[in-house]
Amino acid sequence: MAVYRIGSVGLGGISGGVHIPGIRASADLKLTALCDIDEKRLRERAEAYGIPEDHCFTDYRNLIACPDVDAVDISTPNNVHFEIAAAAARAGKPYGIEKPVTMDTAEAVELAKITEDAGVASMIYFSYRYKAAARYLRSLLLSGRFGAIHHVSMQYYQAWGLRNANCPLVWRYVKSIAASGALGDLGCHGLDLVSFVTGQQYTSVVSHLGTIVDERRLLNGEGTGKVDVDDFSNILAEMTGGISATFQISRFNYGRGNYQRMEVYGERGALVYHLDRIPGVDELEIADESTGGKYVTVEIPQEMRVDQMQSFADVLNGCGDGLNADIHDGVVNERLLDAIIESSEIKKWVSLT
Ligand SMILES: NC(=O)c1ccc[n+]([C@@H]2O[C@H](COP(=O)([O-])OP(=O)(O)OC[C@H]3O[C@@H](n4cnc5c(N)ncnc54)[C@H](O)[C@@H]3O)[C@@H](O)[C@H]2O)c1
């Protein structure tokens with residue numbers, strides 16, 4: 001296995017919380033360069049991770065050009081995902097990129113073409129594919145034990161949008177940076193996860209998106225600015241395999257930190273995946289004949305426990321387990337997000353076939 005030298009672009013919350021700890025924990029990855037437009041943050045992170053000054057950049061193009069960077073890890077806000085990933089691919093460097101992968105379908109399709117033409121590997125960080133309970137749910141469903149799946153209902157709830165949380169107009173509320181609100185931030189994960197665990201695709205969607213707090217205080221403290229993205233997205237989806245699925249996605253759910261619940265109802269039983277019922281913990285309940293029809297929490301096999309950034313290393317080394325999302329899954333996800341936005345605007349079903 002080769003050790004890939006990683007340059008990380010965008011050193012905010014998810015970078016410091018997940019990407020860089022994961023890169024540093026992997027024997028197959030080495031963090032060699034950093035980039036952020038915020039010079040103070042760049043300096044702090046460089047000191048914390050021991051990266052020399054000549055490997056720290058405020059322009060991602062210089063990081064990509066650095067000869068000590070073999071692959072690029074991208075965790076900037078959504079509006080610059082495309083240009084950074086495209087530049088990495090054009091330079092022949094594989095990339096791992098945050099979700100939502102791009103601002104819209106057109107960008108995702110173009111990025112897929114650039115990636116394919118360059119012949120480089122890509123990975124989209126659909127992080128919940130790496131939850132052991134979700135992986136176990138997937139393997140149980142695909143084993144056929146529960147028969148045909150009829151219904152899936154997915155909730156993804158956070159609370160930080162609520163008025164009394166008093167969050168200012170951060171980039172996640174600004175369409176020109178985020179593309180959409182709760183939909184692209186949380187919904188894209190839920191939509192990907194349901195397709196991942198069932199192995200089925202979306203064929204049509206109808207949705208209701210809305211904004212609850214449409215004005216928020218500006219970050220500099222002077223006055224307020226307009227929120228021009230959704231605070232919640234409720235979606236009804238038809239999927240292949242005859243599944244009727246529902247999604248409730250919102251940042252306005254009191255007491256919820258990063259709460260997910262997915263109920264799956266099959267011909268011969270049901271499964272419930274939970275995240276954050278106990279803070280940070282993923283769990284799986286099963287009900288079928290073997291449990292006497294009762295819902296019981298099951299033990300998750302050890303082999304279901306995988307790490308997202310180690311999976312990125314495996315993708316780079318050409319030995320991924322096939323369960324990672326690449327840019328083509330990113331295109332599917334972006335098509336879906338665009339269809340959901342369109343459906344809410346025209347108040348009609350939108351076909352994906
Ligand atoms: N997979 C997940 O579960 C998950 C969780 C949180 C965030 N995310 C995604 O990760 C991305 C970043 O989110 P975050 O919460 O870390 O944001 P953040 O605001 O905390 O950090 C973003 C960082 O990018 C920097 N930046 C902005 N433009 C840049 C540019 N052109 N070049 C270099 N640096 C730039 C900012 O200065 C900041 O330090 C978003 O796309 C978000 O949707 C994914």
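The values are calculated or read from the model by the stated rules, or taken from the named source; none is laboratory data. Source: prediction; values computed, not measured. Counting neighbours? That spans all protein chains shown, and the Cβs are built from the backbone with ideal geometry, glycine included.
Okay, here's what the table says:
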item	result
Checklist (1) aliphatic (A, V, I, L, M); (2) under 26 Å from Ala112 (Cβ atoms); (3) touching a Cys at 6+ places or on another chain (Cβ under 8 Å) applied to Leu34, failing item	(2)
Selected residue (only one of Leu209, Leu191 is among the aliphatic types (A, V, I, L, M) and within 26 Å of Asn166 (Cβ to Cβ))	Leu209
Residue check, Ala87 at pLDDT 95 or above and either in a helix (DSSP H, G or I) or surrounded by fewer than 22 Cβ atoms within 10 Å (Cβ to Cβ) (or both)	yes
Residues of the stretch 248-293 satisfying the condition of being of a type in the set (Lys, Arg) and within 24 Å of Gly147 (Cα to Cα)	Arg261, Arg268
Residue count, the stretch 11-23 (criterion: under 11 Å from Arg45 (Cα atoms) and either near the ligand (Cβ under 9 Å from one of its atoms) or among the polar types (S, T, N, Q) (or both))	4
Asp68 vs. criteria over 24 Å from Ala2 (Cα atoms) and charged (D, E, K, R)	no
Residues that are more than 17 Å from Tyr273 (Cβ to Cβ) and buried (at least 22 other Cβ atoms within 10 Å of the Cβ), drawn from the stretch 149-177	Gly161, Tyr173
Tyr95 being in contact with a Leu (Cβ under 7 Å, 6 or more places away or on another chain), within 21 Å of Val3 (Cα to Cα) and away from the ligand (no atom under 11 Å from the Cβ)	no
Single residue of Ser195, Ser204 found to be more than 29 Å from Val170 (Cα to Cα) and in a helix (DSSP H, G or I)	Ser195
Candidate set: the stretch 121-148, residues that are among the aliphatic types (A, V, I, L, M) and under 15 Å from Gly199 (Cβ atoms); chosen: the one surrounded by the most Cβ atoms within 10 Å (Cβ to Cβ)	Leu137
Failed item in (1) in a loop (DSSP other than H, G, I, E, B); (2) within 13 Å of the ligand (Cβ to nearest atom), with Arg129 passing the rest	(1)
Condition met for Asn79 (touching a residue at least 24 places away in the same chain (Cβ under 8 Å), more than 23 Å from Lys131 (Cα to Cα), assigned to a helix (DSSP H, G or I) and near the ligand (Cβ under 10 Å from one of its atoms))	yes
Identity of the residue in the stretch 38-72, among the acidic types (Asp, Glu) and away from the ligand (no atom under 11 Å from the Cβ), that ends up nearest to the chain's Cα centre (by Cα)	Asp70
For Ser180: the one exception among (1) within 17 Å of the chain's Cα centre (by Cα); (2) assigned to a strand (DSSP E or B)	(2)
Output for the stretch 133-158, where each listed residue is in contact with a Gly (Cβ under 6 Å, 6 or more places away or on another chain) and within 16 Å of the ligand (Cβ to nearest atom)	Met154, Tyr156
Failed criterion for Tyr136 (all others in (1) hydroxyl-bearing (Ser, Thr, Tyr); (2) more than 23 Å from Ile278 (Cα to Cα); (3) not in a loop (DSSP other than H, G, I, E, B) hold)	(2)
Subset of the stretch 2-58 [hydrophobic (A, V, I, L, M, F, W, C), surrounded by fewer than 18 Cβ atoms within 10 Å (Cβ to Cβ), without any contact (Cβ under 8 Å) to a residue 40 or more places away in the chain and assigned to a helix (DSSP H, G or I)]	Ala48
